[in-house]
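The values are calculated or read from the model by the stated rules, or taken from the named source; none is laboratory data. Being a predicted model, the structure only gives us computed values, none of them experimental. In this analysis, Cβ positions are derived from the backbone assuming ideal geometry, glycine residues included, and neighbour counts consider all displayed protein chains.
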Amino acid sequence: MASISLKHVIKRYGRGDASHLALDGVSLEVAQGEFVALLGPSGSGKTSLLRSVAGLERIDAGRIMIGENRVADHSHHVDPEHRNVGVVFQNHALWPHLSVFENVAFPLREARLASAEIRHRTTEELARVELDALAARKPGELSGGQKQRVSLARALVARPGVILFDEPLASLDVELRREMMRHISQVRSADIAMMYVTHNQEEALGLADRIAVLHAGRIEQLASPEVLCREPATRRVAEFMGRGNLLPAISDGMRDGVCLASVAGLRLPVRCQDPMAAGAALTLAVTPCDLVPVSDAEPGLRARVVQAFFQGHSGWSVDAELELPTGVIPVQLTLDARLHPRRGEHLNLTVRNAWVIPA
Ligand code: ADP
Ligand code: MG
């Protein structure tokens, strides 16, 4: 049983002018039983954060606790094997000369458990990831998805309080990803804290209780998937969460507790975190489902369809350009499957559920 706690963690690679600040004061708590995803573009510090928790990197300042144990600070570093953590890497990191069984059993042999206990626990873990039939194979005789399941079983076999994942699905194709997501979500339990690094929004949204969005070694926002999608704290989070539209607007102040704003003269009720003074320049985040075609007689924004892709039951995914007096803004919309958007066609769009980005 364990939780993870990071306070003001700083991680720097190299020294002097050539040094690079990979973690710039990260604070984060992952409760026992919780699944937190670290989401961010390449180079944002996700792997550095994960490796610092695992004990594979030394931190320069701050502190890391696992459960009640202080495992790292500026002067103190507990080695990985004494941290009670299991790690699943993108590239499996299996021993090629050992069988599947021996790969999974390895942490227990290191811990010098009795052989009956090793056999029992290893068999149990292999069954959990549905690999009992392949126990005698070598990693070279497995598919990418099977290798990753061996890696998951090995991370779990010593019953760690913390499991860390670094892009475990990155080298798998779409179908195997879904299957591996199922195995990973089955690992969730009340006594394990899970930290999961990815640059893939879908994985983070689908698996995590909370998501920390990283940028340049800092957490931009830490929130539930729902809040992150509906109420991004910054432009960067809105952009990174994908398919979020950003529209320039002017505040029309508040009326009856509701925030009002105008986009190129179109007046809208909007969702906002803070009271807004009339006249302030704003950025609105709007999902593709919330840019909605209306008849030409209604007030709206003129948009030209650039391209449209039919997506089956979920309708059309449309790239369009809003033709505002101040310039053209690329936007994405999702249109009902019964419509027939055509390239070059003009639409009159209204905006629903817009969120005023606070920062
Ligand atoms: P991510 O996993 O989000 O892609 P990383 O944690 O791997 O990010 O890297 C964060 C930053 O630290 C990047 O700019 C990267 O180039 C740098 N970095 C990572 N590892 C090292 C290293 N061993 N030596 C020097 N710089 C590194
Ligand atoms: Mg990485």
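Data table
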{"read-out": "Strands (runs of 3 or more DSSP E) lying entirely in segment 306-352 (those with 1 or more residues that are assigned by TED's automatic domain parsing to the domain that holds ALA264, of a type in the set (Lys, Arg) and touching a Leu at 6+ places or on another chain (Cβ under 6 Å))", "value": "none"}
{"read-out": "Test: residue in segment 228-240 that is among the aliphatic types (A, V, I, L, M), within 16 Å of ligand 1 (Cβ to nearest atom) and either crowded, with 22+ Cβ neighbours inside 10 Å or modelled with pLDDT of 95 or more (or both)", "value": "yes"}
{"read-out": "Test: residue in segment 280-291 that is surrounded by fewer than 19 Cβ atoms within 10 Å (Cβ to Cβ) and more than 22 Å from ALA238 (Cβ to Cβ)", "value": "no"}
{"read-out": "Number of positions in segment 79-101 that are over 24 Å from THR198 (Cα atoms) and touching a Lys or Arg at 6+ places or on another chain (Cβ under 8 Å)", "value": "5"}
{"read-out": "Residue match in segment 102-109 (condition: free of Cβ contacts under 8 Å to residues at least 60 places away in the same chain and either aromatic (Phe, Trp, Tyr) or outside the structural domain of MET194 (by TED's automatic domain parsing) (or both))", "value": "yes"}
{"read-out": "Neighbours by Cβ (under 8 Å, 6+ apart or cross-chain): first from segment 21-40, outside the structural domain of PRO225 (by TED's automatic domain parsing); second among the charged types (D, E, K, R)", "value": "none"}
{"read-out": "Strands (runs of 3 or more DSSP E) fully within segment 1-112 counting 1 or more residues that are away from ligand 2 (no atom under 16 Å from the Cβ), under 24 Å from LEU214 (Cβ atoms) and among the acidic types (Asp, Glu)", "value": "20-30, 69-73"}
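For (1) in the same structural domain as ILE184 (by TED's automatic domain parsing); (2) at pLDDT 95 or above; (3) within 16 Å of ligand 1 (Cβ to nearest atom), each residue gets a yes or a no:
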site: GLY45; (1), (2), (3): yes, yes, yes
site: SER48; (1), (2), (3): yes, yes, yes
site: ARG63; (1), (2), (3): yes, yes, no
site: VAL71; (1), (2), (3): yes, yes, no
site: ASP79; (1), (2), (3): yes, yes, no
site: ASN84; (1), (2), (3): yes, no, no
site: HIS120; (1), (2), (3): yes, yes, no
site: LEU134; (1), (2), (3): yes, yes, no
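Matching residues to (1) without any contact (Cβ under 8 Å) to a residue 24 or more places away in the chain; (2) touching a Phe, Trp or Tyr at 6+ places or on another chain (Cβ under 7 Å); (3) closer than 18 Å to ILE329 by Cα; (4) assigned to a loop (DSSP other than H, G, I, E, B):
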{"site": "VAL237", "(1), (2), (3), (4)": "no, no, no, no"}
{"site": "PRO248", "(1), (2), (3), (4)": "no, no, yes, no"}
{"site": "SER251", "(1), (2), (3), (4)": "no, no, no, no"}
{"site": "GLY279", "(1), (2), (3), (4)": "no, no, no, yes"}
